Amino acid sequence: MGEVSTLIEKIDSSRHGNIADFFITCSSFEDRCLGVPSRFSEKTEFKTNYVFVYTTPSPQRDKNLRTIEEMLAKRGDIRLIHTPESDPFDAIGLLYKELKEYREDLGQSQMCVTLDITTFTKRYLLLLLKCIDDLELWNCMRILYTEPKKYVTDLYLPMSIGIRTISPVEGFITNSPPNLPVLLIIFLGYEGDRARAIYENLEPDQTVLIVPRPAYHDEWEGTTEKMNRSLIQMIGKDKVEYADSISPSLVSQQLENIAGKYDSRCWKFMVSPLGTKPQTVGIYFYWRTKPNSFSIIYAEPLKHNQPFYSTGIGRTWLLKPRTTQ
């Protein structure tokens with residue numbers, strides 16, 4: 001593991017000599033989807049810019065997409081991938097196919113991937129990480145993330161509405177015997193209804209709730225606990241643990257510490273990523289060291305409450321630097 005998250009002001013490409021850099025991002029109704037492209041240096045360029053576009057109608061997403069296209073126009077070819085938010089497989093399969101063809105033409109050592117995870121859903125994010133990993137480009141990838149300037153949170157007006165499905169993320173399913181008792185680890189965020197729905201749906205034998213700490217900003221401390229008050233009261237404060245909000249390495253280590261308290265031969269592990277996006281990357285960090293040892297559970301909302309999500313463009317972090325060039 002070992003990677004340390006660092007703030008980044010200017011973003012360069014690795015397109016020097018015969019190295020081809022590929023950029024992957026996602027347009028969104030959240031303005032922070034503009035954060036990474038806005039921080040490219042003058043000389044930053046990519047062989048191909050892949051922009052995922054969710055097909056759910058959104059005037060604000062359309063507006064931000066036009067801005068992204070303007071920002072990327074001088075950075076290299078632009079490839080828009082239109083995809084339903086609820087069905088990632090065709091889109092990620094297309095990306096896998098094209099990157100594989102590039103790898104066969106260019107050679108694995110001649111490729112780099114710059115992945116902007118800011119506004120991908122967590123299920124897309126996990127599948128994207130696995131896609132790039134399966135292509136054996138993990139050490140040639142860097143991961144970037146932009147915070148919001150502010151979350152528009154309200155105890156009575158949720159960030160998402162309803163639950164469409166609760167199910168394991170495809171490709172992230174434990175091979176543990178089905179009759180074992182269930183240990184559920186929920187990384188909590190600002191959507192208490194989703195966390196409680198997962199808990200009530202799975203009816204686990206043991207539950208651990210993980211709160212991000214420190215929060216991105218001091219004034220946000222305690223918000224996660226407020227948004228999940230009823231579930232914490234139900235489970236008990238003694239079942240609350242903490243994990244870093246921005247460092248995937250520290251999250252992976254904490255997840256390993258928690259799992260180490262339970263004998264994997266006697267428990268079926270399930271993990272639900274409702275916390276920060278960097279925490280989801282940390283869950284993947286841990287999963288890739290112990291594949292198939294736990295299931296990752298995703299609760300898909302019926303609808304995002306766009307006016308009560310986030311505003312503005314915050315800081316950009318380098319979560320995982322490339323380890324080879």
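The values are calculated or read from the model by the stated rules, or taken from the named source; none is laboratory data. Keep in mind it's a predicted model, so treat the numbers as computed, not measured. Positions of Cβ are backbone-derived with ideal geometry, glycine not excepted, and every protein chain shown enters the neighbour counts.
Within region 6-19, the residues that satisfy the criterion of being at pLDDT 90 or above and in contact with a Lys or Arg (Cβ under 9 Å, 6 or more places away or on another chain) are 7, 8, 9, 10, 11, 12. The residue of region 185-203 that is surrounded by the fewest Cβ atoms within 10 Å (Cβ to Cβ), among those that are closer than 18 Å to residue 283 by Cβ and of a type in the set (A, V, I, L, M, F, W, C), is 202.
When each of 225, 241 is tested for being touching a helix residue (DSSP H, G or I) at 6+ places or on another chain (Cβ under 9 Å) and within 23 Å of residue 263 (Cα to Cα), the lone residue that passes is 241. Which of the residues spanning region 168-203 are aromatic (Phe, Trp, Tyr), farther than 21 Å from residue 291 by Cα and either modelled with pLDDT of 90 or more or assigned to a helix (DSSP H, G or I) (or both)? Within region 168-203, 199 is the sole residue that qualifies.
Scanning region 204-229 for residues that are in a loop (DSSP other than H, G, I, E, B), surrounded by 16 or more Cβ atoms within 10 Å (Cβ to Cβ) and over 21 Å from the mean Cα position of the chain (by Cα) yields a total of 1. Count of region 212-239 residues, restricted to those that are out of contact with any Gly (no Cβ under 8 Å at 6 or more places or on another chain) and in contact (Cβ under 8 Å) with a residue 60 or more places away in the chain, is 3. Apart from one condition, residue 23 fits all of (1) under 20 Å from residue 139 (Cβ atoms); (2) modelled with pLDDT under 95; the exception is (2). Condition (residue is part of a helix (DSSP H, G or I), in contact with a Lys or Arg (Cβ under 7 Å, 6 or more places away or on another chain) and modelled with pLDDT of 95 or more) applied to region 129-148: is it met by at least one residue? Within region 129-148 (the criterion being part of a helix (DSSP H, G or I), in contact with a Lys or Arg (Cβ under 7 Å, 6 or more places away or on another chain) and modelled with pLDDT of 95 or more), the answer is yes, since at least one residue qualifies. Can you report the number of residues in region 22-38 which are out of contact with any Phe, Trp or Tyr (no Cβ under 9 Å at 6 or more places or on another chain) and not basic (Lys, Arg)? Total satisfying the criteria: 4.
Somewhere in region 194-204, is a residue within 28 Å of residue 25 (Cβ to Cβ) and of a type in the set (Ser, Thr, Tyr)? No - not one qualifying residue is present in region 194-204.
This table checks each residue for (1) more than 15 Å from residue 116 (Cα to Cα); (2) out of contact with any helix residue (DSSP H, G or I) (no Cβ under 7 Å at 6 or more places or on another chain); (3) surrounded by fewer than 20 Cβ atoms within 10 Å (Cβ to Cβ).
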position: 7; (1), (2), (3): no, yes, yes
position: 12; (1), (2), (3): no, yes, yes
position: 26; (1), (2), (3): no, no, no
position: 30; (1), (2), (3): no, yes, no
position: 39; (1), (2), (3): no, yes, yes
position: 61; (1), (2), (3): yes, yes, no
position: 67; (1), (2), (3): yes, no, yes
position: 71; (1), (2), (3): no, no, yes
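Could you check region 294-325 and list, in sequence order, the residues that are among the hydroxyl-bearing types (Ser, Thr, Tyr) and either more than 30 Å from residue 182 (Cα to Cα) or modelled with pLDDT under 95 (or both)? Residues satisfying the conditions are 298, 309, 310, 311, 316, 323, 324.
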